[in-house]
1. Along the Cα-to-C-beta direction of E312, a point sits 7 Å from the Cα; which residues of the range 1-26 have their amide N less than 19 Å from that point?
2. Give the Rg (one decimal place) followed by the Dmax (whole number) of the range 1-93, computed from C-alpha coordinates and expressed in Å.
3. Can you give me the relative contact order of the range 125-293 as a percent, contacts being Cα pairs under 8 Å and 6 or more apart?
4. With only Lys, Arg, Asp and Glu charged, each at its Cβ (+1 for the first two, -1 for the last two), find how big the charge dipole of the chain is about the Cα centre; round to the nearest 20 debye.
5. Quick check for you: with a 1.4 Å probe and neighbouring chains kept, what is the accessible area per residue of the chain, in Å²?
6. Heads up, I need the accessible area for W2: 1.4 angstrom probe, whole protein in place, Å², nearest 10.
7. Among 226-236, 91-101, how do they line up by average Cβ neighbours within 10 Å per residue, starting with the highest?
8. Using only Cα atoms, figure out Rg for the range 143-285 and give it as a multiple of 2.2 N^0.38 Å.
Amino acid sequence: MWVVPESEIAGLMTPEAAFQAVEAVFASMARDQAYNFPVIREAIGHEEALYGFKGGFDRGGLNLGLKAGGYWPHNQKHGLINHQSTVFLFDADTGRVAAAVGGNLLTALRTAAASAISIKYLAPEGAQVLGMVGAGHQAQFQLRAAAASGRFTRVLGWNPHPEMLERLAGTAAELGLPFEAVELDRLGAEADVIISITSAFSPLLLDGHVKGPTHIAAMGTDTKGKQELDPALVARARLFTDEIAQSVSIGEFQHAFGAKSISDSDITAIGRVITGDHEGRGNAEITIFDGTGVGLQDLAVAAAAVDLARREGKAQKVEI
Ligand code: NAD
């Protein structure tokens, strides 16, 4: 099997490579060539950790496997980040394990790629102003991937903990984009595209905040109970997601779905827009992409990382 250590990923994977891999697998999902396995997530009763698996199979790319890992809240004492994961790929012809790939940076890259893909297909025409709600670890990757589209001329930022915005401003400066910290009503009125990426458990962005043609990539809600958007905002928008079943159970749409103000037939898988089977934004004023994070995204970027690592002599071969 091939081993690609976490330490090699930064030198191998770019936001562009992640974008291509994730766009291809979203299209495969829409063609029913790829499917995600049920997610396992368990509180293991040790170190307050949440551990689980996200897996799937893409018959198109022949990517089979899973990402194993989770959240260890006390990892600082070990000098490690709290989110830890590893992707295991298997040979789809034989079932033999094919690769083990460090999954931490890949998770941030594949999550940012998903919102960037939603921006490519759903942003209002002429969109120039990006609004960032959130300023944690993921936010900087989200900003970089969105900026790679080349369409944004300035960035507005808001975060429940304002002191964290300085780091995001630094990322914007590196990208050559003017950055301004603002209140949510200004962000919602001026931004053409909004990315929300916080660990909130109650709505931050309210219906009254968002004005004019806007695309919102809601990326923070990946667990039951988390919530970033006002359900009234969700109810008046055209809705897209990576996987409908996940969006109504653990994604942002769980709340409006639970309140019966939307049904699953109101939600379109983004892959259908990529394959040209759905018009996308059409004449909708507001579009929302609920990026819940699916196992197939992890497999797609891990397989791309293995290819790059083998080409550059950075993959280690191990017999097991
Ligand atoms: P982080 O801990 O680095 O940052 C947390 C962010 O949420 C900050 O902006 C912080 O100010 C804000 N926040 C913290 N507690 C809050 C609260 N109680 N209410 C409102 N805001 C709060 O986390 P991160 O790694 O940047 O992850 C952000 C979110 O994205 C998490 O919910 C994480 O689970 C989620 N995530 C989603 C995917 C996906 O595929 N959709 C992938 C990775 C992470």
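The values are calculated or read from the model by the stated rules, or taken from the named source; none is laboratory data. All values reported here derive from a predicted model rather than from experimental measurement. Ideal geometry is used to build each Cβ from the backbone, glycine not excepted, and the neighbour counts take in all protein chains shown. When the accessible area is computed, the model is the full protein with side chains, heavy atoms only, and any ligands, DNA or RNA have been set aside. Shrake-Rupley method; radii C 1.70, N 1.55, O 1.52, S 1.80 Å.
1. 2-22
2. My reading of the Cα-based Rg and Dmax gives 15.4, 45 Å.
3. Details: 355 pairs, mean separation 34.6, N = 169.
Across the range 125-293, relative contact order equals 20 percent.
4. Details: 26 positive and 37 negative charges, 73 e Å.
Value, rounded to 20: 360 debye.
5. Ligands and nucleic acids excluded, the figure is 44 Å² per residue.
6. Surface open to solvent at W2 totals about 60 Å².
7. Packing proxy ranking, top to bottom: 226-236, 91-101.
8. Working: Rg = 15.4 Å, N = 143, 2.2 N^0.38 = 14.5 Å.
Normalised Rg, Cα atoms only: 1.06.
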